[in-house]
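Below: the structure, in structure tokens.
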Amino acid sequence: MKTQLGVLFGSRSCEREVAIISAVQLMNHVDTEKYDVIPVYIDERGIWYTGDALRSVKTYMPFDPVKSKLRQVSLDMAAGSGALVAFEPGKGLFGKAQQVLVARLDVCVIVMHGLHGEDGTLQGMLELANLPYTSTGVVGSAVGMDKIIMKTFFLGAGLPTLPGVACTRSAFEKDAEAEINRAETLGYPVFVKPANLGSSIGVSRADDREGLRAALELAFSYDRRVLVEKGLDHPVELNCSVLGFDDEIETSPIEMPLSGQFLTFEEKYLHGGGSKGMASLSRVVPAPIDDGTRDEIQRVAREVFRQLDCKGVVRIDFMFDRATEKLYITEINTIPGSLAFYLWEAGGMKYSALIDRMVAYARKAHAEKNANSFAFRSDILSKAQLGGAKGAKGAKGGKLGGGKLG
Ligand SMILES: Nc1ncnc2c1ncn2[C@@H]1O[C@H](COP(=O)(O)OP(=O)(O)O)[C@@H](O)[C@H]1O
Ligand SMILES: [Mg+2]
């Protein structure tokens, strides 16, 4: 039997369209001898669909589920079921609506960027459903999504990162000048970033107080928490993908994306007509850097992967400051654009083989988790003498708060 591979993509995120491109690309490269692909698209309202039309980018321009003959589905949350079910309206006047099994997913590939997919939420849902999935787990995904907590993690882990100041919308609304003063201690230029976005959305550079104010206002329109980070002048950006799980960790060749002042959404995705997602960005692979810098980037990238307990394929972005020759981690993308397949291809691995590896790590992590004992037995229930609802004063019968434990 072929593996039933659910490809979950889209979702309620500013980066949904980028995810559509990443997912269509991935589905075109799956080895059909090994897998049946079941596309599952979550639209901007959070409604789940399946159907063959989801494999074509045209289906989303504009998205019309009826015209595309898509079925609305949901995932059975019973642990280990993997059932994707559709509701079919009853036939005729008195026909009852029915739940129909569309597929049983063996493994889920998550192709989502940003909130509600890359941030640990969907990962948590799949942990509950006890299904193997291809991305980093709940904690690593959540830390990787939040630029403020990510920085706290890098600092705590002793990993090289630029200094930053965290701001909240409520504090800014109460006393904007005080917040600007706090952020200004970093010295200009600074980069201002919504904590929970990606693809450079809402990110801007500020070179003076007025610029900082405008940058904060823009960022606060996207998120209630904003990171202000010490900026570098024309840093060399260098990205490295990491693949693996647990003690198997491998790094890809390093790319040097080519950008203007900094990498904007347009530069990331709209080169070459925009149909290739991150794969269409202008870049140099391998980056023209000396072996020492390359080794250092790959070492730090592996270290980030290990400490965040990542799984599958991630991309870790760096900035190299020419003036000081120092290297800083910009961020981790736990579900990178185009799944960073182009970097692995540059290293000699076909996309289909990369997918095989991601699936294998998903299964390995799932098996390891299920090998843990969840069956710690105690006789706590039989020993407990519970009264009425604890603390419910006046409850009739039974001792109040009388549950004796242990
Ligand atoms: N501290 C910084 N100094 C200089 N450039 C930066 C800095 N932080 C971000 N940038 C530029 O902004 C881009 C987007 O920032 P990043 O933190 O990667 O956010 P996103 O998650 O939106 O990609 C980077 O790729 C880089 O070009
Ligand atoms: Mg980035």
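Worth a mention:
- Farthest positive-ward along segment 218-341 dipole, Cα basis, beta-carbon charges - from Ala287, Ala340, Gln307: Ala340
- Across segment 1-113, C-alpha contacts under 8 Å between residues 6 or more apart give a mean separation that, scaled by the residue count, equals a relative contact order of 33 percent.
- Cα lying deepest toward the dipole's positive end in the chain, options Leu381, Met1, Pro194, charges on Cβ: Leu381
- Segment 158-235: C-alpha gyration tensor shape, a/c 1.5 cut-off, then a/b vs b/c: rounded
- Percent RCO, i.e. relative contact order, over the chain, from Cα pairs under 8 Å lying at least 6 residues apart: 14 percent
- Mean ellipticity per residue at 222 nm, deg cm²/dmol - from DSSP H runs of n ≥ 4 across the chain, formula -39500 (n - 2.57): -8500 deg cm²/dmol
- For segment 285-300 and segment 146-220, distance of Cα centres in Å: 28 Å
- Rounded, prolate or oblate (a/c below 1.5 giving rounded, otherwise prolate when a/b exceeds b/c) for segment 25-70 by Cα gyration tensor: prolate
- Rounded, prolate or oblate (a/c below 1.5 giving rounded, otherwise prolate when a/b exceeds b/c) for segment 1-92 by Cα gyration tensor: rounded
- Per-residue Karplus couplings for segment 50-63, computed as 6.51 cos²θ - 1.76 cosθ + 1.60 with θ equal to phi - 60°, are listed in order as 9, x, 4, 4, 5, 7, 10, 4, 4, 4, 9, 10, x, 7 Hz, Gly and Pro entered as x.
- Kyte-Doolittle mean at least -0.5, axial Cα span of 27 Å or more - DSSP H helices of the chain: 351-371
- For the chain, built as a Gaussian network whose Cα springs stay under 10 Å, the top-fluctuating residue of Glu368, Glu179, Glu255: Glu368
- Cα-centre dipole for segment 235-368 with unit charges at Cβ (Lys and Arg positive, Asp and Glu negative), debye to 20: 380 debye
- Note: relative contact order over segment 163-230, using C-alpha pairs below 8 Å and six or more positions apart, is 46 percent.
- Kirkwood Rh in Å, taken over all unlike Cα pairs in segment 235-368: 15.2 Å
- Of Asp146, Asp64, Asp43, the one that fluctuates the most in a GNM where the chain has Cα springs shorter than 10 Å: Asp64
- Rg(Cα) / (2.2 N^0.38 Å) computed for the chain, rounded to two decimals: 1.12
- Note on Lys383: lysines with a C-alpha under 29 Å away, same-chain residues under 8 apart excluded, are Lys393, Lys396, Lys399, Lys404.
- Dipole magnitude of the chain, debye to nearest 20 (Cβ charges: Lys/Arg +1, Asp/Glu -1, about Cα centre): 2140 debye
- Links that overshoot a 26 Å alpha carbon limit, given the list Lys34/Lys311; Lys69/Lys369; Lys326/Lys350: Lys69/Lys369; Lys326/Lys350
Taken together, the values in this text are just the output of simple stated rules run on the coordinates, not laboratory data. Everything numeric here is computed off the predicted structure, so don't read it as measured data. Every residue, glycine as well, gets a Cβ built from its backbone with ideal geometry; the counts of neighbours run over all protein chains shown.
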